[in-house]
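In what follows, a structure is listed as C-alpha coordinates, so that the remarks can point back to it.
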Amino acid sequence: MIKFLDLQKINLVHQREIEERIINTFRSGWYLLGDEVKTFEENLLKYIGSKYAIGAANGLDALRLIFRAYIELGIMKPGDEVIVPANTYIASILALTDNGLVPVLVEPDVRNYNIDISGIEKKISEKTKGILIVHLYGRTVFSQELKNIAQKYNLKIVEDNAQAIGSEWKKIKTGNLGDAAGFSFYPGKNLGALGDAGGITTNDEELSKAIRALANYGSNQKYINIYKGLNSRLDEIQASVLDIKLKYIDEENQKRRQIAKRYTKEIINSEIILPEFPEDENEHVWHLFVIRTKQREKLQNYLTENKIQTLIHYPIPPHKQRAYKEWNEMSLPITEQIHNEVLSLPISPVMDESEVGVVIEKLNLFK
Ligand SMILES: *Cc1c(COP(=O)(O)O)cnc(C)c1O
(Lines give C-alpha, C1' and ligand atoms only; values in the text may rest on other atoms or scores of the structure.)
Protein backbone atom coordinates (compact mmCIF):
# COMPACT_ATOMS: atom_id res chain seq x y z
CA MET A 1 0.00 0.00 0.00
CA ILE A 2 1.34 3.42 -0.93
CA LYS A 3 0.06 5.59 1.87
CA PHE A 4 -1.19 9.09 1.23
CA LEU A 5 1.00 10.35 4.06
CA ASP A 6 3.04 8.10 6.34
CA LEU A 7 3.23 10.21 9.50
CA GLN A 8 4.97 7.52 11.48
CA LYS A 9 7.74 7.30 8.92
CA ILE A 10 7.99 11.10 8.66
CA ASN A 11 8.58 11.44 12.40
CA LEU A 12 10.75 8.35 12.85
CA VAL A 13 13.37 10.03 10.65
CA HIS A 14 13.97 12.34 13.62
CA GLN A 15 13.34 9.77 16.36
CA ARG A 16 16.56 10.12 18.33
CA GLU A 17 16.60 13.89 18.39
CA ILE A 18 12.92 14.17 19.23
CA GLU A 19 12.96 11.57 22.00
CA GLU A 20 15.97 13.15 23.65
CA ARG A 21 14.45 16.62 23.57
CA ILE A 22 11.05 15.44 24.81
CA ILE A 23 12.69 13.63 27.73
CA ASN A 24 14.57 16.80 28.62
CA THR A 25 11.38 18.83 28.53
CA PHE A 26 9.61 16.19 30.60
CA ARG A 27 12.37 16.21 33.19
CA SER A 28 12.53 20.00 33.35
CA GLY A 29 9.16 20.17 35.10
CA TRP A 30 8.20 23.23 33.03
CA TYR A 31 5.43 22.59 30.48
CA LEU A 32 3.96 25.92 29.36
CA LEU A 33 5.37 29.29 28.30
CA GLY A 34 8.96 28.36 28.95
CA ASP A 35 12.28 28.17 27.15
CA GLU A 36 11.21 25.62 24.55
CA VAL A 37 8.46 27.89 23.23
CA LYS A 38 10.77 30.89 23.41
CA THR A 39 13.47 29.07 21.44
CA PHE A 40 11.05 27.85 18.82
CA GLU A 41 9.48 31.30 18.43
CA GLU A 42 12.94 32.78 17.98
CA ASN A 43 13.91 30.21 15.34
CA LEU A 44 10.57 30.53 13.57
CA LEU A 45 10.83 34.29 13.23
CA LYS A 46 14.39 33.97 11.95
CA TYR A 47 13.28 31.39 9.42
CA ILE A 48 10.33 33.46 8.23
CA GLY A 49 12.23 36.73 8.40
CA SER A 50 9.58 38.45 10.52
CA LYS A 51 10.16 40.50 13.67
CA TYR A 52 7.78 38.58 15.93
CA ALA A 53 6.51 35.04 16.32
CA ILE A 54 4.00 33.80 18.87
CA GLY A 55 3.06 30.19 19.57
CA ALA A 56 -0.59 29.18 19.68
CA ALA A 57 -2.58 26.04 20.37
CA ASN A 58 -3.48 25.34 16.71
CA GLY A 59 -3.86 26.94 13.30
CA LEU A 60 -7.47 27.95 13.67
CA ASP A 61 -6.67 29.74 16.93
CA ALA A 62 -3.68 31.44 15.31
CA LEU A 63 -6.02 33.02 12.76
CA ARG A 64 -8.74 33.75 15.33
CA LEU A 65 -6.17 35.51 17.50
CA ILE A 66 -4.98 37.75 14.67
CA PHE A 67 -8.50 38.99 13.92
CA ARG A 68 -9.41 39.27 17.57
CA ALA A 69 -6.32 41.40 18.11
CA TYR A 70 -7.30 43.67 15.21
CA ILE A 71 -10.67 44.08 16.87
CA GLU A 72 -9.18 44.81 20.30
CA LEU A 73 -6.86 47.37 18.73
CA GLY A 74 -9.81 49.09 17.05
CA ILE A 75 -8.57 48.35 13.53
CA MET A 76 -11.56 46.11 12.78
CA LYS A 77 -14.95 45.74 14.39
CA PRO A 78 -17.69 43.12 14.27
CA GLY A 79 -19.72 43.57 11.08
CA ASP A 80 -16.69 44.58 9.04
CA GLU A 81 -15.94 42.61 5.91
CA VAL A 82 -12.88 40.57 5.07
CA ILE A 83 -12.17 39.21 1.59
CA VAL A 84 -11.40 35.48 1.65
CA PRO A 85 -11.08 32.76 -1.00
CA ALA A 86 -14.22 30.67 -1.50
CA ASN A 87 -11.93 27.73 -2.22
CA THR A 88 -10.29 27.08 1.12
CA TYR A 89 -10.42 24.85 4.15
CA ILE A 90 -13.26 25.97 6.41
CA ALA A 91 -10.88 27.09 9.18
CA SER A 92 -9.99 30.26 7.27
CA ILE A 93 -13.63 31.27 7.28
CA LEU A 94 -14.36 30.17 10.84
CA ALA A 95 -11.60 32.50 12.05
CA LEU A 96 -13.60 35.41 10.66
CA THR A 97 -17.14 34.49 11.66
CA ASP A 98 -15.93 33.55 15.13
CA ASN A 99 -14.97 37.21 15.53
CA GLY A 100 -18.19 38.58 14.08
CA LEU A 101 -16.43 39.57 10.87
CA VAL A 102 -18.20 39.03 7.56
CA PRO A 103 -16.37 36.81 5.02
CA VAL A 104 -16.73 37.99 1.44
CA LEU A 105 -16.02 34.99 -0.76
CA VAL A 106 -13.96 35.38 -3.92
CA GLU A 107 -13.64 32.70 -6.59
CA PRO A 108 -10.29 31.01 -7.31
CA ASP A 109 -8.11 31.01 -10.39
CA VAL A 110 -8.74 27.53 -11.78
CA ARG A 111 -5.10 27.16 -12.86
CA ASN A 112 -3.67 27.29 -9.35
CA TYR A 113 -6.77 26.90 -7.12
CA ASN A 114 -5.86 30.07 -5.19
CA ILE A 115 -7.88 33.26 -4.86
CA ASP A 116 -8.21 35.09 -8.18
CA ILE A 117 -6.57 38.40 -7.32
CA SER A 118 -8.27 40.10 -10.26
CA GLY A 119 -11.63 39.29 -8.64
CA ILE A 120 -10.91 41.08 -5.37
CA GLU A 121 -11.37 44.76 -6.13
CA LYS A 122 -14.99 44.49 -7.22
CA LYS A 123 -15.87 42.84 -3.90
CA ILE A 124 -14.52 45.70 -1.81
CA SER A 125 -17.08 47.85 0.00
CA GLU A 126 -16.96 50.58 2.62
CA LYS A 127 -16.95 47.89 5.28
CA THR A 128 -13.96 45.96 3.93
CA LYS A 129 -11.04 45.98 6.34
CA GLY A 130 -8.87 43.11 5.25
CA ILE A 131 -7.94 40.36 2.84
CA LEU A 132 -7.28 36.87 4.18
CA ILE A 133 -5.18 35.07 1.59
CA VAL A 134 -4.66 31.32 1.79
CA HIS A 135 -1.59 29.76 0.21
CA LEU A 136 -3.62 26.70 -0.64
CA TYR A 137 -1.91 23.33 -1.07
CA GLY A 138 1.43 25.07 -0.40
CA ARG A 139 1.29 27.41 -3.39
CA THR A 140 2.12 31.05 -2.69
CA VAL A 141 -0.57 33.52 -3.69
CA PHE A 142 0.75 37.06 -3.84
CA SER A 143 1.40 39.84 -6.32
CA GLN A 144 2.19 43.50 -6.62
CA GLU A 145 -1.43 43.98 -7.72
CA LEU A 146 -2.62 42.54 -4.40
CA LYS A 147 -0.30 44.86 -2.49
CA ASN A 148 -1.58 47.82 -4.47
CA ILE A 149 -5.22 46.97 -3.75
CA ALA A 150 -4.50 46.64 -0.02
CA GLN A 151 -2.71 49.96 -0.02
CA LYS A 152 -5.36 51.75 -2.07
CA TYR A 153 -8.20 50.71 0.25
CA ASN A 154 -6.15 50.60 3.44
CA LEU A 155 -6.73 46.89 4.01
CA LYS A 156 -4.76 44.51 6.20
CA ILE A 157 -3.41 41.46 4.42
CA VAL A 158 -3.52 38.39 6.64
CA GLU A 159 -1.97 35.14 5.43
CA ASP A 160 -3.36 31.73 6.21
CA ASN A 161 0.00 29.99 6.01
CA ALA A 162 -1.20 26.66 7.40
CA GLN A 163 -0.19 24.78 4.25
CA ALA A 164 2.78 26.73 2.94
CA ILE A 165 5.60 27.10 5.45
CA GLY A 166 8.82 27.54 3.48
CA SER A 167 7.14 28.81 0.34
CA GLU A 168 8.28 32.15 -1.08
CA TRP A 169 7.45 35.07 -3.31
CA LYS A 170 10.45 36.86 -4.78
CA LYS A 171 12.68 35.50 -1.99
CA ILE A 172 10.28 36.62 0.76
CA LYS A 173 8.80 33.78 2.78
CA THR A 174 5.07 33.30 3.08
CA GLY A 175 4.25 34.44 6.58
CA ASN A 176 6.20 37.63 5.91
CA LEU A 177 4.30 38.90 2.89
CA GLY A 178 1.32 40.51 4.59
CA ASP A 179 0.61 42.20 7.93
CA ALA A 180 0.24 39.00 9.94
CA ALA A 181 0.15 35.27 9.30
CA GLY A 182 -1.34 32.23 10.98
CA PHE A 183 0.43 28.85 10.89
CA SER A 184 -0.84 25.38 11.64
CA PHE A 185 1.52 22.71 12.91
CA TYR A 186 -1.14 20.01 12.81
CA PRO A 187 0.68 16.65 12.44
CA GLY A 188 -0.08 16.33 8.71
CA LYS A 189 1.17 19.78 7.74
CA ASN A 190 4.65 20.24 6.22
CA LEU A 191 5.93 21.24 9.65
CA GLY A 192 3.91 19.00 11.93
CA ALA A 193 3.88 18.59 15.71
CA LEU A 194 2.86 15.43 17.58
CA GLY A 195 -0.59 16.85 18.22
CA ASP A 196 -2.20 20.26 17.77
CA ALA A 197 -0.02 23.33 17.51
CA GLY A 198 0.03 26.67 15.73
CA GLY A 199 1.68 30.06 15.56
CA ILE A 200 1.57 33.63 14.34
CA THR A 201 4.19 35.82 12.68
CA THR A 202 4.05 39.58 12.15
CA ASN A 203 6.24 42.68 11.94
CA ASP A 204 3.68 44.74 13.87
CA GLU A 205 4.83 45.13 17.46
CA GLU A 206 1.53 46.34 18.84
CA LEU A 207 -0.32 43.51 17.15
CA SER A 208 2.16 40.94 18.44
CA LYS A 209 1.69 42.17 22.00
CA ALA A 210 -2.08 42.03 21.72
CA ILE A 211 -1.94 38.51 20.25
CA ARG A 212 0.42 37.29 22.96
CA ALA A 213 -1.87 38.63 25.67
CA LEU A 214 -5.04 37.35 23.98
CA ALA A 215 -3.59 33.85 23.74
CA ASN A 216 -2.98 33.88 27.47
CA TYR A 217 -6.36 34.89 28.94
CA GLY A 218 -5.93 38.46 27.72
CA SER A 219 -3.15 38.89 30.22
CA ASN A 220 0.23 40.53 29.68
CA GLN A 221 1.18 40.24 33.31
CA LYS A 222 0.12 37.55 35.74
CA TYR A 223 -3.42 38.21 37.05
CA ILE A 224 -3.71 41.45 35.09
CA ASN A 225 -6.24 40.97 32.28
CA ILE A 226 -6.45 43.68 29.66
CA TYR A 227 -8.59 41.76 27.13
CA LYS A 228 -11.27 39.10 27.28
CA GLY A 229 -8.80 36.52 26.05
CA LEU A 230 -8.56 32.88 25.19
CA ASN A 231 -6.37 30.11 26.42
CA SER A 232 -4.44 29.21 23.30
CA ARG A 233 -0.83 28.48 24.11
CA LEU A 234 1.73 26.28 22.44
CA ASP A 235 2.90 23.44 24.71
CA GLU A 236 6.58 23.18 25.58
CA ILE A 237 6.74 19.58 24.36
CA GLN A 238 5.21 20.47 20.99
CA ALA A 239 7.54 23.47 20.68
CA SER A 240 10.55 21.25 21.28
CA VAL A 241 9.45 18.84 18.54
CA LEU A 242 8.77 21.69 16.14
CA ASP A 243 12.11 23.30 16.87
CA ILE A 244 13.86 20.12 15.76
CA LYS A 245 11.74 19.61 12.67
CA LEU A 246 12.10 23.26 11.62
CA LYS A 247 15.79 22.59 10.93
CA TYR A 248 14.83 20.10 8.24
CA ILE A 249 11.88 21.88 6.67
CA ASP A 250 13.74 23.14 3.58
CA GLU A 251 15.23 19.73 2.91
CA GLU A 252 11.84 18.07 3.34
CA ASN A 253 10.06 20.63 1.17
CA GLN A 254 12.69 20.05 -1.49
CA LYS A 255 11.88 16.34 -1.48
CA ARG A 256 8.21 17.16 -1.99
CA ARG A 257 9.21 19.46 -4.85
CA GLN A 258 11.23 16.68 -6.48
CA ILE A 259 8.20 14.40 -6.39
CA ALA A 260 5.93 17.14 -7.72
CA LYS A 261 8.40 17.72 -10.54
CA ARG A 262 8.33 14.06 -11.52
CA TYR A 263 4.53 13.87 -11.32
CA THR A 264 4.23 16.98 -13.46
CA LYS A 265 6.65 15.71 -16.10
CA GLU A 266 5.72 12.06 -16.19
CA ILE A 267 1.97 11.86 -15.66
CA ILE A 268 0.54 11.94 -19.15
CA ASN A 269 -3.14 11.17 -19.36
CA SER A 270 -5.82 13.24 -21.10
CA GLU A 271 -8.31 12.39 -18.34
CA ILE A 272 -6.15 14.16 -15.78
CA ILE A 273 -5.45 17.86 -15.28
CA LEU A 274 -2.22 18.48 -13.39
CA PRO A 275 -1.54 21.39 -11.05
CA GLU A 276 0.60 24.20 -12.41
CA PHE A 277 4.28 23.84 -11.54
CA PRO A 278 5.29 27.45 -10.88
CA GLU A 279 7.97 29.06 -12.99
CA ASP A 280 9.76 30.01 -9.77
CA GLU A 281 9.77 26.66 -8.01
CA ASN A 282 10.20 28.36 -4.63
CA GLU A 283 6.60 29.51 -4.88
CA HIS A 284 5.34 26.04 -3.99
CA VAL A 285 6.08 23.64 -1.12
CA TRP A 286 3.62 20.99 -2.31
CA HIS A 287 1.75 20.34 0.92
CA LEU A 288 -0.65 18.60 -1.44
CA PHE A 289 -0.38 17.48 -5.05
CA VAL A 290 -3.90 17.98 -6.32
CA ILE A 291 -5.02 16.75 -9.72
CA ARG A 292 -8.42 17.19 -11.35
CA THR A 293 -10.52 14.76 -13.33
CA LYS A 294 -14.13 14.47 -14.50
CA GLN A 295 -14.02 10.84 -13.39
CA ARG A 296 -12.94 11.31 -9.82
CA GLU A 297 -14.83 8.45 -8.21
CA LYS A 298 -13.70 6.01 -10.86
CA LEU A 299 -10.10 7.17 -10.61
CA GLN A 300 -10.05 7.02 -6.82
CA ASN A 301 -11.50 3.50 -6.83
CA TYR A 302 -9.01 2.43 -9.48
CA LEU A 303 -6.11 3.77 -7.43
CA THR A 304 -7.41 2.09 -4.27
CA GLU A 305 -7.60 -1.21 -6.15
CA ASN A 306 -3.99 -0.63 -7.14
CA LYS A 307 -3.04 0.02 -3.51
CA ILE A 308 -2.53 3.76 -3.85
CA GLN A 309 -4.21 5.83 -1.18
CA THR A 310 -5.66 9.21 -2.19
CA LEU A 311 -7.74 11.87 -0.42
CA ILE A 312 -10.05 14.69 -1.47
CA HIS A 313 -9.20 18.25 -0.38
CA TYR A 314 -11.97 19.17 -0.08
CA PRO A 315 -15.21 17.41 -0.99
CA ILE A 316 -17.64 20.19 0.08
CA PRO A 317 -16.83 23.92 -0.16
CA PRO A 318 -17.53 26.11 2.90
CA HIS A 319 -20.52 27.82 1.27
CA LYS A 320 -22.23 24.46 0.77
CA GLN A 321 -21.72 23.31 4.37
CA ARG A 322 -24.63 23.22 6.79
CA ALA A 323 -22.55 25.35 9.16
CA TYR A 324 -22.99 28.19 6.65
CA LYS A 325 -26.54 27.44 5.56
CA GLU A 326 -27.12 31.13 4.93
CA TRP A 327 -24.80 30.75 1.91
CA ASN A 328 -26.04 27.42 0.61
CA GLU A 329 -27.93 29.01 -2.31
CA MET A 330 -24.92 31.04 -3.38
CA SER A 331 -23.41 30.07 -6.73
CA LEU A 332 -19.62 29.91 -6.96
CA PRO A 333 -19.14 27.76 -10.05
CA ILE A 334 -15.34 27.61 -10.15
CA THR A 335 -15.10 26.68 -6.48
CA GLU A 336 -17.80 24.05 -6.93
CA GLN A 337 -16.15 22.60 -10.02
CA ILE A 338 -12.83 22.30 -8.18
CA HIS A 339 -14.49 20.56 -5.24
CA ASN A 340 -16.14 18.08 -7.61
CA GLU A 341 -12.98 17.23 -9.51
CA VAL A 342 -9.99 17.33 -7.17
CA LEU A 343 -8.03 14.35 -5.94
CA SER A 344 -4.84 14.53 -3.85
CA LEU A 345 -2.03 12.10 -4.73
CA PRO A 346 0.47 10.72 -2.21
CA ILE A 347 3.31 13.15 -1.59
CA SER A 348 5.69 13.40 1.35
CA PRO A 349 9.37 13.70 2.20
CA VAL A 350 9.55 9.96 2.95
CA MET A 351 8.04 8.66 -0.27
CA ASP A 352 10.68 6.86 -2.32
CA GLU A 353 11.39 6.99 -6.04
CA SER A 354 9.91 3.58 -6.73
CA GLU A 355 6.62 4.52 -5.05
CA VAL A 356 6.47 7.70 -7.10
CA GLY A 357 7.12 5.57 -10.17
CA VAL A 358 4.23 3.25 -9.35
CA VAL A 359 1.80 6.16 -8.89
CA ILE A 360 2.86 7.60 -12.26
CA GLU A 361 2.62 4.25 -14.02
CA LYS A 362 -0.85 3.51 -12.67
CA LEU A 363 -2.16 6.98 -13.50
CA ASN A 364 -0.87 6.70 -17.05
CA LEU A 365 -2.72 3.42 -17.50
CA PHE A 366 -6.04 4.84 -16.31
CA LYS A 367 -8.71 5.18 -18.98
C1 LIG B 1 -4.95 23.08 8.70
C2 LIG B 1 -5.50 24.36 8.27
C3 LIG B 1 -5.98 25.32 9.19
C4 LIG B 1 -6.21 25.04 10.63
O5 LIG B 1 -5.19 24.51 11.32
P6 LIG B 1 -5.44 23.61 12.63
O7 LIG B 1 -4.09 23.54 13.24
O8 LIG B 1 -5.97 22.31 12.18
O9 LIG B 1 -6.41 24.35 13.50
C10 LIG B 1 -6.33 26.55 8.70
N11 LIG B 1 -6.28 26.85 7.41
C12 LIG B 1 -5.86 25.96 6.49
C13 LIG B 1 -5.82 26.35 5.06
C14 LIG B 1 -5.48 24.68 6.88
O15 LIG B 1 -5.08 23.79 5.97
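The values are calculated or read from the model by the stated rules, or taken from the named source; none is laboratory data. Note that this is a predicted model, so its numbers are computed, not measured. Cβ atoms come from the backbone with ideal geometry, glycine included; neighbour counts cover every protein chain shown.
Below is a table of values for the structure above.
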{"quantity": "Hits in the stretch 155-180 - residues which are away from the ligand (no atom under 11 Å from the Cβ) and either part of a strand (DSSP E or B) or of a type in the set (Phe, Trp, Tyr) (or both)", "calculated": "Lys156, Ile157, Val158, Glu168, Trp169, Ile172, Lys173, Ala180"}
{"quantity": "Number of positions in the stretch 195-211 that are buried (at least 20 other Cβ atoms within 10 Å of the Cβ), in contact with a Leu (Cβ under 9 Å, 6 or more places away or on another chain) and outside any loop (DSSP other than H, G, I, E, B)", "calculated": "7"}
{"quantity": "Failed condition for Ser354, given (1) more than 30 Å from Ile93 (Cα to Cα); (2) within 21 Å of the chain's Cα centre (by Cα); (3) among the small types (Gly, Ala, Ser)", "calculated": "(2)"}
{"quantity": "Single residue of Val13, Val37 found to be in the same structural domain as Ile226 (by TED's automatic domain parsing) and more than 26 Å from Leu230 (Cβ to Cβ)", "calculated": "Val13"}
{"quantity": "Cross-chain or 6+ apart pairs with Cβ under 6 Å, the stretch 1-15 first and in contact (Cβ under 8 Å) with a residue 40 or more places away in the chain, then exposed (fewer than 13 other Cβ atoms within 10 Å of the Cβ)", "calculated": "Met1/Lys307"}
{"quantity": "Qualifying residue in the stretch 144-152 (condition: out of contact with any helix residue (DSSP H, G or I) (no Cβ under 7 Å at 6 or more places or on another chain), among the small types (Gly, Ala, Ser) and either at pLDDT 95 or above or more than 21 Å from Leu207 (Cβ to Cβ) (or both))", "calculated": "yes"}
{"quantity": "Conditions (1) assigned to a helix (DSSP H, G or I); (2) more than 16 Å from the ligand (Cβ to nearest atom): number failed by Phe40", "calculated": "(2)"}
{"quantity": "Test: residue in the stretch 219-235 that is part of a helix (DSSP H, G or I) and either in the same structural domain as Ala62 (by TED's automatic domain parsing) or not charged (D, E, K, R) (or both)", "calculated": "no"}
{"quantity": "Filter result for Tyr52 (of a type in the set (Ser, Thr, Tyr), under 19 Å from Lys209 (Cβ atoms) and either away from the ligand (no atom under 16 Å from the Cβ) or modelled with pLDDT of 95 or more (or both))", "calculated": "yes"}
{"quantity": "Close pairs (6 angstrom Cβ cut-off, 6 or more residues apart or separate chains): within 15 Å of Arg257 (Cα to Cα) in the stretch 327-356, of a type in the set (Asp, Glu) and not in a loop (DSSP other than H, G, I, E, B) anywhere", "calculated": "Pro349/Glu252"}
{"quantity": "Odd one out for Gly192 among (1) buried (at least 24 other Cβ atoms within 10 Å of the Cβ); (2) within 11 Å of the ligand (Cβ to nearest atom); (3) not basic (Lys, Arg)", "calculated": "(1)"}
{"quantity": "Checking Gln309 against (1) in contact (Cβ under 8 Å) with a residue 60 or more places away in the chain; (2) within 19 Å of the chain's Cα centre (by Cα), the condition it does not meet", "calculated": "(2)"}
